[in-house]
Every structure is written in C-alpha cells, then in structure tokens.
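K.L.:
Take a look at this one; I'll ask things after.
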Amino acid sequence: MTRTSAFCSVVFLISTLVTLSAPASAQSDTPPSGETPARRWTFNPYDETRLDSADATQASTGARQPLREVVWLRDREWFLPAIADPKPAAMTFAFPMLSDAFEFSQKPGRRVTWDVSVGQEIPIVVIENFTPSTPVQGRWGVGLWTAISFHVLEEFKDPSAPIINTDYRFTLATLKVRRVQRSPGGLGENNADYLDVKADLYHHESTHLGDEFVIGAIRRFPGFERINVSYEFWDVGVSYEWRRRTDPGGESDAYFRSMVRGGLIGVWPHSGGYYSDHTLEVDSRRVSRSKRNLEPYLQFEYWAPHPTSAGADRPRRWAPFVSVDARHKTVYDYLKASDEVSEDKQWSLNLLVGLRTEAESPLSLKDIYARFYHGVNPHGQLRNQRDYTAFGFGVNFNVGQLRR
C-alpha cells in the first residue's frame with residue numbers, strides 16, 4: 001500500500017505540473033497568404049493556428065488533403081469522463097452524503113460520509129487534421145492519454161470517524177479517437193456531431209480498507225476477513241455527442257450538449273479475477289476466484305446552454321446539467337463454493353443533477369450537484385453488498401489547462 005500510494009502521489013504531482021505549465025494559447029505560425037504549408041506534419045506542441053490557416057488556404061485553393069498536426073501534452077475534449085462516472089480521474093468532493101450502513105460497521109443505521117476523488121487524465125500526444133474551431137465533417141484525430149487517481153471514503157458515525165476504503169487507480173495507455181460526423185453550417189466546435197471511441201488498454205486498481213475500520217471490525221466481528229481486491233482491467237467504449245448553438249449565426253455563442261455512450265469493462269486473465277485467491281490474515285483461507293469478470297455500462301449526459309454573448313467580458317454563467325451512469329456490476333462473493341460458481345449481478349445507477357460553468361482556470365469550481373446512487377456498493381472489498389443506497393451533494397473542480 002505504501003509503494004502504491006507513493007507512486008500515485010508522485011505521478012499525480014508530475015501530471016499537475018505538466019498541465020499547469022502548458023500555455024493556454026500560442027503565437028501564430030501562419031504561412032503567408034495564399035501559400036500552402038510546405039510540411040504535412042508539424043510538431044509544435046501548442047500551435048493550433050497552423051490547421052486553422054491551412055483550412056482557410058485549402059478552401060481558397062481547392063486543395064483536398066488537410067494538414068495533419070502532431071500535438072504533445074495538449075488536452076482535448078474527446079471522450080470526456082462523464083460527470084456521473086463513479087470513479088473518475090478527476091477532482092471531486094461529495095459531502096454530505098447519507099449512506100446505508102456498511103458490512104462490519106460498528107453502529108447500525110444510515111451514516112454521513114464524504115467521498116473524495118483526486119486524479120487527472122494526462123495527455124501525451126494527439127495526431128489530428130482539425131482543431132476545435134475547425135470541425136469539418138469527416139475530419140478525425142487519434143491520441144494517447146494516461147491517467148491516475150485515488151478515491152477515499154470516510155464516515156462519521158462509528159468511533160474515530162474511520163476511513164472506510166481507499167482505491168488507487170492508474171492506466172498505462174488509453175487510446176482515444178474522434179471523428180467529426182456532422183458540422184452543419186460550419187459554425188464551429190459547438191455546432192457539430194462527434195463520434196468518439198476509447199480503448200483503455202491496461203488499467204490497474206488496488207483497494208484498501210482503512211486501518212481503524214479493520215481494527216473495529218476485528219474486535220466486534222470474529223468472522224471478519226480482509227480480501228485483497230486488486231486487479232488489472234481494460235475498458236472500451238463508443239460515444240456519440242452532438243452540440244448545437246441556440247442562435248446559429250447570431251451574436252450568442254450559447255449551445256447545448258447531449259451525449260450517449262456505451263462500453264464494456266473486463267478483467268485481464270492474468271489477474272485471475274477481481275480479488276486474490278486467499279485472505280490477508282496470518283492463517284489465511286482460500287477464496288474462490290470471481291467468474292463474472294465483464295461489466296457493461298451505459299451513460300447519458302446533457303448540458304443546458306450557458307446564457308452569455310460572444311465576446312462578453314465575463315465568464316459564462318451557471319447552467320443546469322444531468323448526468324447518468326448505469327453499470328451491470330458483479331456482486332462479489334467471497335464464500336462461494338468454487339471458481340465455477342457464478343456471482344449475482346445488479347444494475348447500479350449513479351445520477352447527478354446540478355449546475356455547471358464553462359469558466360475554467362488552473363484551479364476552478366466546475367460543477368455543483370445533487371447525487372443519488374443505488375446498486376452494488378462501489379467501494380473496494382465492500383462490493384459484496386448489493387442494494388446499497390447513498391445520496392447527498394458534491395462539487396467538482398477543474399485542474400490544469402483548458403481542454404480544447
């Protein structure tokens with residue numbers, strides 16, 4: 001646990017420094033008027049004016065092939081984590097949350113908790129033939145990301161307000177692809193349809209019950225056992241997103257965004273399932289491996305328009321949003337008779353409704369919401385608990401550069 005937490009902390013610090021140091025804009029490197037850029041591939045990490053000027057040049061000269069750009073360490077709004085993602089690589093703070101009792105809680109009944117996520121998606125490189133301001137139909141881009149996050153759950157009813165669970169996550173490589181499906185009227189990034197594909201190729205999750213929670217459970221419940229929930233998984237998904245300006249051709253740049261998404265998560269075979277085949281006690285016993293190691297998910301998200309005018313000398317105002325995440329999750333069974341026995345499954349719903357703003361800075365408040373969760377307990381070893389319910393309020397933060 002010490003090595004994992006130290007590794008996560010160091011990588012997250014590095015990612016934050018990288019995103020904070022990336023400039024928000026770049027100076028123009030536009031070729032002279034009427035000239036087609038000599039190179040098809042460019043490597044300036046932050047200069048996006050090349051593609052804009054190239055598109056204008058191609059429109060005037062009739063050239064068919066767009067310039068391709070290789071962009072390093074610059075984020076994009078491709079397959080963004082849904083606001084309702086229960087374990088995002090993002091900065092989230094949910095408090096107060098009122099939840100059901102956990103297995104091995106010392107006091108019965110509902111309890112107040114806070115649920116915190118700290119993480120970041122880290123862009124490595126993107127190859128694209130369009131920029132956010134030039135989403136021409138048929139254009140595409142492909143990029144490589146990595147990500148790191150940790151998630152902490154604490155409750156305030158049992159003695160000493162114990163940390164219940166901590167999850168550590170990091171991914172080695174996530175490929176994202178975006179294709180512009182439609183661009184009606186050529187009105188920019190917020191009046192277009194996008195098809196996104198994500199392939200998270202190798203993601204690790206390691207979970208740990210809090211020390212005080214474990215000590216209390218050992219004292220109160222003679223049958224308590226610690227299970228090592230730790231595994232590697234892949235995650236593939238397809239997303240369709242459409243944005244429309246509310247006043248096409250007018251002065252207002254307000255727009256709405258809708259997104260539908262489906263995906264599948266699977267455990268890599270070398271992990272042997274979601275958890276180890278033995279308990280963590282000195283006199284450990286064998287635990288049957290999990291069998292149902294695939295979890296499909298569906299997501300939907302809607303952003304209402306932010307009312308302001310183009311060129312207004314103020315940030316966009318707050319506007320409503322709704323975000324839904326539904327997963328067909330495995331109910332862990334540490335007492336089943338053999339590896340061949342299938343576990344139960346349960347659809348688990350995470351619903352967030354609130355307000356969001358598009359104003360961003362290196363550290364800024366992003367979303368304010370009410371949250372409702374029902375289904376399999378999403379926290380580490382406690383994922384053997386079905387029909388778990390929690391509801392409350394929370395906020396999300398933006399960290400680092402603006403995604404463009």
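The values are calculated or read from the model by the stated rules, or taken from the named source; none is laboratory data. Because the structure is predicted, anything quoted here is derived from the model rather than measured. When we count neighbours, we look across all protein chains shown, and the Cβ atoms used for this are built from the backbone with ideal geometry, even at glycine.
Residues checked against (1) modelled with pLDDT of 95 or more; (2) assigned to a loop (DSSP other than H, G, I, E, B); (3) buried (at least 20 other Cβ atoms within 10 Å of the Cβ):
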position	(1), (2), (3)
S160	no, yes, no
I164	yes, no, yes
R169	yes, no, yes
A173	yes, no, no
R178	yes, no, yes
G188	no, yes, no
L195	yes, no, no
L201	yes, no, no
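K.L.:
Give the residues of segment 203-241 that are basic (K, R) and either in contact with a Phe, Trp or Tyr (Cβ under 6 Å, 6 or more places away or on another chain) or part of a loop (DSSP other than H, G, I, E, B) (or both), sorted by residue number.
P.N.:
Filtering segment 203-241 for residues basic (K, R) gives 219-220, 226.
The one that is basic (K, R) and either in contact with a Phe, Trp or Tyr (Cβ under 6 Å, 6 or more places away or on another chain) or part of a loop (DSSP other than H, G, I, E, B) (or both): R226.
K.L.:
If you check R371 against the conditions, is it basic (K, R), more than 19 Å from the chain's Cα centre (by Cα), outside any loop (DSSP other than H, G, I, E, B) and crowded, with 16+ Cβ neighbours inside 10 Å? Steps first, please.
P.N.:
Values: basic (K, R): yes; more than 19 Å from the chain's Cα centre (by Cα): no; outside any loop (DSSP other than H, G, I, E, B): yes; crowded, with 16+ Cβ neighbours inside 10 Å: yes.
In short, no.
K.L.:
If you take the residues in segment 93-137 that are over 11 Å from the mean Cα position of the chain (by Cα) and of a type in the set (S, T, Y), which one is modelled with the lowest pLDDT?
P.N.:
That would be S133.
K.L.:
Return the residue satisfying two criteria in turn: it lies in segment 382-394 and is of a type outside the set (A, V, I, L, M) and within 16 Å of D115 (Cα to Cα), and of such residues it is surrounded by the most Cβ atoms within 10 Å (Cβ to Cβ). Explain how you work it out, then say what you get.
P.N.:
Initial filter on segment 382-394 (of a type outside the set (A, V, I, L, M)): 383-389, 391-394.
Restricting the remaining residues to those that are within 16 Å of D115 (Cα to Cα) gives 383, 388-389, 391-394.
On the way: R383: 23, Y388: 21, T389: 13, F391: 15, G392: 19, F393: 15, G394: 21.
Only one residue tops the list, namely R383.
K.L.:
Which is assigned to a loop (DSSP other than H, G, I, E, B), of a type in the set (A, V, I, L, M, F, W, C) and at pLDDT below 95, of L402, L335? Write out each step before concluding.
P.N.:
Numbers: L335 fails: at pLDDT below 95.
Just one listed residue meets the conditions, L402.
K.L.:
In segment 253-286, how many residues are over 18 Å from the mean Cα position of the chain (by Cα) and crowded, with 16+ Cβ neighbours inside 10 Å?
P.N.:
In the first step, residues of segment 253-286 are kept if they are over 18 Å from the mean Cα position of the chain (by Cα); the result is 253-256, 267-286.
With crowded, with 16+ Cβ neighbours inside 10 Å added as a condition, the list becomes 253-256, 267, 271, 273-276, 279.
Total meeting the criteria: 11.
K.L.:
Now, a different point. Inside segment 198-214, can you point out the residues that are under 17 Å from H151 (Cα atoms) and of a type in the set (G, A, S)?
P.N.:
S206, G210
K.L.:
Tally the residues that are among the small types (G, A, S), part of a loop (DSSP other than H, G, I, E, B) and either at negative phi or touching a strand residue (DSSP E or B) at 6+ places or on another chain (Cβ under 7 Å) (or both), restricting the search to segment 242-270. Explain how you work it out, then say what you get.
P.N.:
So in segment 242-270, the residues among the small types (G, A, S) come out as 249-250, 252, 254, 258, 262-263, 266.
Now narrow it down to the ones that are part of a loop (DSSP other than H, G, I, E, B): 249-250, 254.
With the extra rule that they be either at negative phi or touching a strand residue (DSSP E or B) at 6+ places or on another chain (Cβ under 7 Å) (or both), the set shrinks to 250, 254.
Residues meeting the conditions: 2.
K.L.:
With in contact with a His (Cβ under 6 Å, 6 or more places away or on another chain) and buried (at least 21 other Cβ atoms within 10 Å of the Cβ) as the only criterion, which of S117, S149 stands out?
P.N.:
Values: S149 fails: in contact with a His (Cβ under 6 Å, 6 or more places away or on another chain).
Checking each option against the conditions leaves just S117.
K.L.:
Filter segment 181-197 down to residues that are within 22 Å of the chain's Cα centre (by Cα) and either more than 19 Å from E251 (Cβ to Cβ) or polar (S, T, N, Q) (or both), then give me how many there are.
P.N.:
Keep residues of segment 181-197 that are within 22 Å of the chain's Cα centre (by Cα), which gives 189-190, 193-197.
After this cut, where a residue has to be either more than 19 Å from E251 (Cβ to Cβ) or polar (S, T, N, Q) (or both) as well, the list is 190, 193-197.
Matching residues across segment 181-197 total 6.
K.L.:
Taking segment 255-295 on its own, how many of its residues are in contact with a Lys or Arg (Cβ under 7 Å, 6 or more places away or on another chain) and either of a type outside the set (F, W, Y) or more than 21 Å from E77 (Cβ to Cβ) (or both)?
P.N.:
If we filter segment 255-295 for residues that are in contact with a Lys or Arg (Cβ under 7 Å, 6 or more places away or on another chain), which is where we start, we get 255-257, 272-273, 277-281, 288, 292, 295.
Okay, now just the ones that are also either of a type outside the set (F, W, Y) or more than 21 Å from E77 (Cβ to Cβ) (or both), so 257, 272-273, 277-281, 288, 292, 295.
Number satisfying all stated conditions: 11.
K.L.:
Which condition does I148 not pass, out of (1) within 16 Å of the chain's Cα centre (by Cα); (2) more than 18 Å from L73 (Cα to Cα); (3) β-branched (V, I, T), if it passes all the others?
P.N.:
Every condition holds for I148 apart from (2).
K.L.:
Just for segment 151-180: of the residues that are more than 15 Å from G380 (Cα to Cα) and aliphatic (A, V, I, L, M), which one is farthest from the chain's Cα centre (by Cα)?
P.N.:
A161
K.L.:
What are the residues in segment 212-229 that are surrounded by fewer than 14 Cβ atoms within 10 Å (Cβ to Cβ), touching a residue at least 24 places away in the same chain (Cβ under 8 Å) and of a type in the set (D, E, K, R), if any?
P.N.:
R220
Yes/no matrix, rows are residues, columns are (1) over 30 Å from R243 (Cα atoms); (2) acidic (D, E); (3) touching a residue at least 12 places away in the same chain (Cβ under 8 Å):
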{"residue": "S105", "(1), (2), (3)": "yes, no, yes"}
{"residue": "G119", "(1), (2), (3)": "no, no, yes"}
{"residue": "T131", "(1), (2), (3)": "no, no, yes"}
{"residue": "L144", "(1), (2), (3)": "no, no, yes"}
{"residue": "E154", "(1), (2), (3)": "yes, yes, yes"}
{"residue": "T174", "(1), (2), (3)": "no, no, yes"}
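Listed here are the residues, each with its yes/no results for (1) in contact with a Leu (Cβ under 8 Å, 6 or more places away or on another chain); (2) under 30 Å from V197 (Cα atoms); (3) at pLDDT below 95; (4) assigned to a loop (DSSP other than H, G, I, E, B).
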position	(1), (2), (3), (4)
S284	no, no, yes, yes
K291	no, yes, no, yes
L298	no, yes, no, no
P307	no, no, yes, yes
G311	no, no, yes, yes
R317	no, no, yes, yes
P320	yes, yes, no, no
